[in-house]
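A short write-up of the structure that comes next.
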Amino acid sequence: MPARTRTGLAGGLAARLSEEIRSGRLAAGDHLSAQGLADRFGVSRSPVAEALRELASRRIVRHEAQKGYFVAPQGGEPIPPAPVPEDPVHRAYLTLAEDRLEGRVPEVISVSFLRDRYGLSPGQVQGLVTQVVREGWLERRPGYGLRFTAMLGSADALLQTYRFRMALEPAALLEPGYELDRAAAAECRRVEEFMLAGGIESMAIEELYDRGVRFHETIVAGSRNPFFLDGLRRINGIRRLLAYRSSATRGRYYGQARDHLEILDLLEAGENEAAAERLRRHLGAVIDNLAAIRPILEPGATGG
């Protein structure tokens, strides 16, 4: 069957899913929820649906009426990586984060400043502002302009977020009526195993960060207490600025992935007190590791 011409986001998603199936990260029979994939990759359902149709045409997945898509038994026509156009908003986001950490932008800026500095259209700059304001390191000023918050701009601030999490997350695991979402936990387990099998070296920095966010939010969500999850989500958005830079040291992720798997084992066995203690030690180890990588977190670390 001739290969279709694939461009843009859907082609990139199809290639990525094909690779995950080939590597065993997605196994034969796994259900591929369009909404679940859209949430995971941070896209709308439309490109996901197009990617799934492409995979089905190559017999990499199969479609069942009224049920959806499932990973097919090994076989089919593999999809080579497709060139995916760079997202200018994402590029501007990463550059703005570095510029802020390096002190290359003033504390108070305007939308027009962002538009001109990063070469964005009006719609793109609004998307950038919306994301950064939502994450908490930029705020709208009354009347005019935008101001960077003082919440996260140093290694000390990142350390404070981990100390907050060390108080919050283990307590969430001990909430009455705690119930882990088994399907979400299974996906987390699959990701951690994929990382230990080589994914740590190949995953993008954003993927490394987002995978950790998904794991911790999944286990905290089991508390059924929305205040725990809301507190964690707020701090995860804020710490993203420095967490991207700290992800440059990939070796430490092997220990973190093994810790995550051990915590899942304990939660799935109903040993929540042991899981909470293991989680506390896990976060404490991350705090200890921050001392070793502190030089790359401070302004000037990139030589810019």
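The values are calculated or read from the model by the stated rules, or taken from the named source; none is laboratory data. Being a predicted model, the structure only gives us computed values, none of them experimental. Don't worry about glycine lacking a Cβ; one is built from the backbone with ideal geometry, like all the others, and counts go over all protein chains shown.
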Q. Out of curiosity, is Ile238 at pLDDT below 75, among the β-branched types (Val, Ile, Thr), in a helix (DSSP H, G or I) and over 13 Å from Gly212 (Cβ atoms)?
A. yes
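Residue by residue, here is whether (1) at pLDDT 80 or above; (2) within 22 Å of Gly136 (Cα to Cα); (3) within 21 Å of the chain's Cα centre (by Cα) holds:
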residue	(1), (2), (3)
Val48	yes, no, yes
Ala51	yes, no, yes
Tyr69	yes, no, no
Gly75	no, no, no
His90	no, yes, yes
Leu101	no, yes, yes
Glu107	yes, yes, no
Arg115	yes, yes, no
Tyr118	yes, yes, no
Residue check: is Leu196 touching a strand residue (DSSP E or B) at 6+ places or on another chain (Cβ under 9 Å) and either closer than 29 Å to His90 by Cβ or not hydroxyl-bearing (Ser, Thr, Tyr) (or both)?
no
Log entry, pairs with first residue in the range 264-279 being free of Cβ contacts under 8 Å to residues at least 60 places away in the same chain, second being of a type in the set (Val, Ile, Thr), beta carbons closer than 7 Å, six or more apart or on different chains, reads Arg278/Ile263
Picking from Ala49, Ala38, Ala15, Ala65, the residue that is out of contact with any strand residue (DSSP E or B) (no Cβ under 6 Å at 6 or more places or on another chain) and within 21 Å of Tyr209 (Cα to Cα) would be Ala38
Checked pairs for the range 204-232, first within 15 Å of Arg165 (Cα to Cα), second of a type in the set (Phe, Trp, Tyr) and buried (at least 18 other Cβ atoms within 10 Å of the Cβ), C-beta under 6 Å and 6 or more apart or across chains, list as Val220/Phe228; Ser223/Tyr178
Only one of Glu179, Glu217, Glu187 is more than 16 Å from the chain's Cα centre (by Cα) and not assigned by TED's automatic domain parsing to the domain that holds Leu37, namely Glu179
Those residues of the range 256-271 that are surrounded by 20 or more Cβ atoms within 10 Å (Cβ to Cβ) and within 13 Å of Leu173 (Cβ to Cβ) come to a total of 3
- Query: Looking at the range 144-166, is at least one residue under 18 Å from the mean Cα position of the chain (by Cα), surrounded by 17 or more Cβ atoms within 10 Å (Cβ to Cβ), of a type in the set (Lys, Arg) and not in a strand (DSSP E or B)?
  - Reply: yes
- Message: Can you say whether Tyr209 is of a type in the set (Ser, Thr, Tyr) and more than 22 Å from Ala274 (Cβ to Cβ), as far as the supplied structure shows?
- Response: yes
